[in-house]
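Enquirer: Input: one structure, supplied below.
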Amino acid sequence: MASQSIVDVDARHSLDKLAASKANRKAVATWLFFTFSMIVEMFGIGAYVQNDNAGLSIMAWQPVSGIIPPLTHHEWERMFALYKTIPQYRLLNSHMTLAGFKAIFWPEWIHRLWGRLLGLDFGIPLFWFWWTGRLERRLRPWLFLLLVLGLVQGVIGWWMVASGFQPGLTEVAVWRLSIHYCFATALAIAVFVTALVVLKPASERLAPPEAARYRVARGFAVASIIAICIAIFAGTFLSGLHAYNVDNTFPLMNGRWMPTGYASLHPFWRNWFENKVAAQWNHRVVGTAAAVIVISSVVTAIRANVPPRARDAFLVTGGLLILQYILGVTTLVSRILDIGVVHQMNAVLLLAAAIWAWFELRGQRPA
Ligand code: HEM
């Protein structure tokens, strides 16, 4: 009996060793980075759906059977008939043909299909790594929680879509869109940070005296992360209200720094979430503030002579920030929403890069 438990303990130790080995950690991190890249693509598909006004085309919530699109003419007619019952069809698309319906059906179907693929991409390797003992113990509950939160994101997606079926409405509620986007961003970042943690264990972080030397640069990285998050949050209202349709000039809005009509709604706070002009101005201002903070963080990091990997991370963040700004302004002045799709995807990459920069400057905990 005693010898059996010694064998069990030995087996557990060798499995723990395998899980913590460099090669295994690389495999787990690769899977997580791949998942992160799939989420970034999901942002692009979601943005396309929104720009195409396609999000309300599938009236049914069928997490499993919905994977099969209509296969016969009769099925297509049935789906189209369902769509005809919602206000968006009656108020905006009453002369839409079946071909027109198919054009808005497919993007939304692909969006949902991608969500299901993401679930498989995350769930199957999670199960396999766990089953074969290749997952460090500390990661197991956390990754399982991420899987559950991924399913929650699907439910939030449906909750958002359902808001667009209400009488008199032709699109989803802006707040629900914002929550859907922000939750997706949080999930993407959680997966990304987990991959970083797996790849670089605490023992490989900077020694405390070195970490102390880079305190200011690390502080700037944190400020960048906060500023980018605020810009993303503000961006969801600009996008949700289609506020890119007004005042398409930059840097002035119709010749003014402060647009007229900023405070037209009462009480005042409603303007931030319901007024197109205010939503656009807010996003410009917080986006520009984020740009100034990110550029300052890059300059600070270079002047502080941070280690090479951290320097790379700050430079990547700076590059993505410049790209983000150019994409935002170009979307606004050109009204080409396909550029906005890239702007939305790049926002997540930018946030991830800023977090990477902060991560590279983290120190070991004092013993
Ligand atoms: C750090 C800087 C910025 C970040 C992180 C950022 C982030 C975002 C995000 C996340 C969205 C989409 C949200 C959603 O769809 O729910 C968005 C939309 C948008 N942003 Fe930015 N943005 C930044 C700067 C700017 C700037 C400087 C401008 C132009 C002055 C701009 C113009 C736009 C426009 C026109 C949209 C709507 C595009 C669309 O819906 O397809 N952004 N932004």
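Rule-based calculations on the coordinates, nothing more; no lab input. What you see is a predicted model; the values in this text were computed from it and never measured. Cβ coordinates were reconstructed from backbone atoms using ideal geometry, including for glycine residues, and neighbour counts include every protein chain displayed.
Enquirer: Run the numbers on the chain and let me know its relative contact order in percent, using alpha-carbon pairs under 8 Å that are six or more apart.
Expert: Computed over the chain, the figure is 21 percent.
Enquirer: So for the chain, what are the equivalent ellipsoid semi-axes in whole Å, largest first, each being the square root of 5 times an eigenvalue of the Cα gyration tensor?
Expert: After scaling each eigenvalue by five and taking roots: 40, 32, 15 Å.
Enquirer: Arrange the peptides 234-245, 108-119 so that the one whose residues have, on average, the most other Cβ atoms within 10 Å appears first.
Expert: 234-245, 108-119
Enquirer: Here's something else I'd like to know. Quick one: net charge around VAL246, please, counting Lys, Arg +1 and Asp, Glu -1 for every other residue with C-beta under 13 Å from its C-beta.
Expert: Surrounding charge for VAL246 is +3.
Enquirer: Alpha carbon centre of the stretch 210-244 versus the stretch 327-350: separation in Å?
Expert: About 17 Å separates the Cα centre of the stretch 210-244 from the one of the stretch 327-350.
Enquirer: What ranking do SER163, SER334, SER94 get, fewest neighbouring Cβ atoms within 10 angstrom at the top?
Expert: If I rank by nearby Cβ atoms, fewest first, I get SER94, SER334, SER163.
Enquirer: Give me Rg/Rg_expected for the stretch 11-167, where Rg uses Cα atoms only and Rg_expected = 2.2 N^0.38 Å with N residues.
Expert: Rg over 2.2 N^0.38 Å, computed on Cα atoms: 1.34.
Enquirer: Right, something else. So what are the ³J(HN,Hα) numbers for the stretch 241-255, from phi and the Karplus equation (6.51, -1.76, 1.60; θ = phi - 60°), rounded to whole Hz, Gly and Pro as x?
Expert: Result, rounded to whole Hz: 8, 6, 6, 6, 7, 10, 6, 7, 10, 9, x, 7, 9, 6, x.
Enquirer: Karplus couplings for the stretch 134-139 from phi (6.51 cos²θ - 1.76 cosθ + 1.60, θ = phi - 60°), rounded to Hz, Gly and Pro as x?
Expert: The phi angles translate into 8, 10, 4, 3, 4, 7 Hz.
Enquirer: So, by mean Cβ neighbours within 10 angstrom, what's the order for 70-76, 209-215 with the highest one leading?
Expert: 209-215, 70-76
Enquirer: Let me ask another. Within 10 Å, count the other beta carbons around each residue, average over each peptide in 346-353, 41-48, and list them highest first.
Expert: Averaged packing, sorted descending, gives the order 346-353, 41-48.
Enquirer: Okay, helix-only estimate at 222 nm for the chain: each DSSP H run of n ≥ 4 adds -39500 (n - 2.57), divide by all residues, round to 500 deg cm²/dmol; what do you get?
Expert: -25000 deg cm²/dmol
Enquirer: Give me the angle, in degrees from 0 to 90, between the Cα long axis of helix 98-131 and the longest principal axis of the Cα atoms of the chain, rounded to the nearest 10.
Expert: 10
Enquirer: Sticking with the crude label model, points 7 Å out along Cα→Cβ, report the distance from THR85 to ALA20 in nm, one decimal please.
Expert: Roughly 5.8 nm, to one decimal.
Enquirer: Follow-up question, since we're still on this one. Along each principal axis of its Cα atoms, how long is the stretch 202-367 end to end? Whole angstroms, biggest number first, please.
Expert: Per principal axis, max minus min of the Cα coordinates gives 56, 33, 24 Å.
Enquirer: By the scheme Lys and Arg +1, Asp and Glu -1, what is the net charge of all other residues having a beta-carbon under 11 Å from that of ARG309?
Expert: Spelling it out: positives minus negatives among the neighbours equals -1.
Enquirer: Let me ask another. I'd like the distance between the alpha-carbon centres of the stretch 43-88 and the stretch 146-207, rounded to an integer number of Å.
Expert: Computed from Cα coordinates, the inter-centre distance equals 22 Å.
Enquirer: Further question on the same structure: Taking all pairs of different Cα atoms in the stretch 79-217, averaging 1/r and flipping that mean, what Kirkwood radius in angstroms comes out?
Expert: Taking every pair of different Cα atoms in the stretch 79-217, averaging 1/r and inverting gives 18.7 Å.
Enquirer: Right, here's the next one. Subtracting the Cα-Cα distance from 0.36 nm times the residue separation, let me have the gained length for ALA186 to PHE268 in nm, one decimal.
Expert: Working it through step by step, the gained length comes to 26.6 nm.
Enquirer: Now, a different point. Spelling out what I want: for every residue of the stretch 212-222, take phi, set θ = phi - 60°, compute 6.51 cos²θ - 1.76 cosθ + 1.60 (Karplus), and round to whole Hz; glycine and proline get x.
Expert: Working through the residues one at a time gives 5, 5, 9, 4, 5, 4, 5, x, 5, 5, 5 Hz.
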